[in-house]
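Asks: The structure follows.
Nothing in this text is a laboratory measurement; each read-out follows from the coordinates by a stated rule. Note that this is a predicted model, so its numbers are computed, not measured. All Cβ positions, glycine included, derive from the backbone under ideal geometry; neighbour counts span all protein chains shown.
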Amino acid sequence: MQLDWTCRFSNVKAILQLKKSLNLGEISDHFKIIANKLLELEGTFTDGFENNIKHLLNNKNWNLINCKQGKPSISLRKCCNQHAFELFCFPMICNEARAVVKSCDKNSPFKDFNPSNLGPLLSIPKLSNFVSITVRCGDEADIELIKYTHILIEQLAHLLGTLLHVAENDGQTIKEIFFAAEKQLKDLKKT
């Protein structure tokens with residue numbers, strides 16, 4: 001399937017409305033899980049709740065002595081398995097991404113930031129399952145939700161790249177995960 005990776009919708013609520021119109025109001029659990037996480041991500045900067053992304057971007061928590069051009073250096077890592085798609089952020093300390101940081105590490109670009117305590121910046125449960133289902137039998141709303149997920153994750157990575165110094169950005173994008181699932185289905189059909 002050749003997809004245009006631009007999304008026709010500018011928010012999750014519009015995609016939810018499409019899903020309801022296509023399925024007579026029924027929404028699968030997989031769809032709901034992804035949509036709820038994206039709604040949460042959309043509200044990251046508008047709701048009053050503290051989260052890992054806000055904590056990371058709070059310049060009061062930056063150790064400016066160890067920043068490059070006034071920005072903390074970080075490593076972004078995307079990981080997708082059967083449980084979740086996760087975006088991790090690790091501070092670069094002495095040119096090395098660190099998953100565990102000692103409290104008040106004098107070389108850290110952050111005054112208080114330990115990835116092992118905070119966990120992933122973002123976690124979308126069951127995304128690989130949803131992608132697999134969509135590749136096999138998804139409808140237009142499922143595809144739009146995957147495209148929108150890809151766009152939001154890439155926008156977040158771009159925002160982080162603008163406000164912080166991203167020294168490393170590893171892992172598969174949502175688009176690459178989709179293409180891998182598509183290839184796997186084609187390979188299964190050949191056998």
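Asks: Compute the signed sum of charges (Lys and Arg +1, Asp and Glu -1) over the other residues within less than 15 Å, Cβ to Cβ, of CYS94.
Replies: Computed value for this residue: +1.
Asks: Calculated from DSSP H runs of 4 or more alone, at -39500 (n - 2.57) each and per residue, what is the 222 nm mean residue ellipticity of the chain, nearest 500?
Replies: Mean residue ellipticity at 222 nm (helix-derived): -14500 deg cm²/dmol.
Asks: Another question, if that's okay. Grab the other residues whose beta carbon is less than 13 angstrom from that of GLU154, score K and R as +1, D and E as -1, and report the net.
Replies: Around GLU154, the charge tally is +2.
Asks: Set the bar at 27 Å for Cα to Cα. Now go through LYS20/LYS175; LYS19/LYS190; LYS60/LYS102; LYS13/LYS111; LYS32/LYS60 and name every pair that lies beyond it.
Replies: LYS19/LYS190; LYS13/LYS111; LYS32/LYS60
Asks: Now, a different point. Extension gain LYS60-LYS189, at 0.36 nm per residue separation less the Cα-Cα distance, in nm?
Replies: Gain on stretching LYS60 to LYS189: 41.0 nm.
Asks: Continuing with the same structure: LYS126: which aspartates and glutamates have alpha carbons under 12 Å from its alpha carbon, excluding same-chain residues fewer than 8 sequence positions away?
Replies: Leaving aside aspartates and glutamates fewer than 8 places away in the same chain, those within reach of LYS126 are ASP29, GLU86.
Asks: Under the Karplus relation 6.51 cos²θ - 1.76 cosθ + 1.60, θ = phi - 60°, what is the ordered set of whole-Hz ³J(HN,Hα) values for region 83-94, x standing for Gly and Pro?
Replies: 8, 6, 9, 10, 10, 9, 10, 10, x, 8, 10, 6
Asks: Give me the percent of DSSP beta bridges within region 64-191 that run antiparallel, rounded to the nearest 5.
Replies: 75
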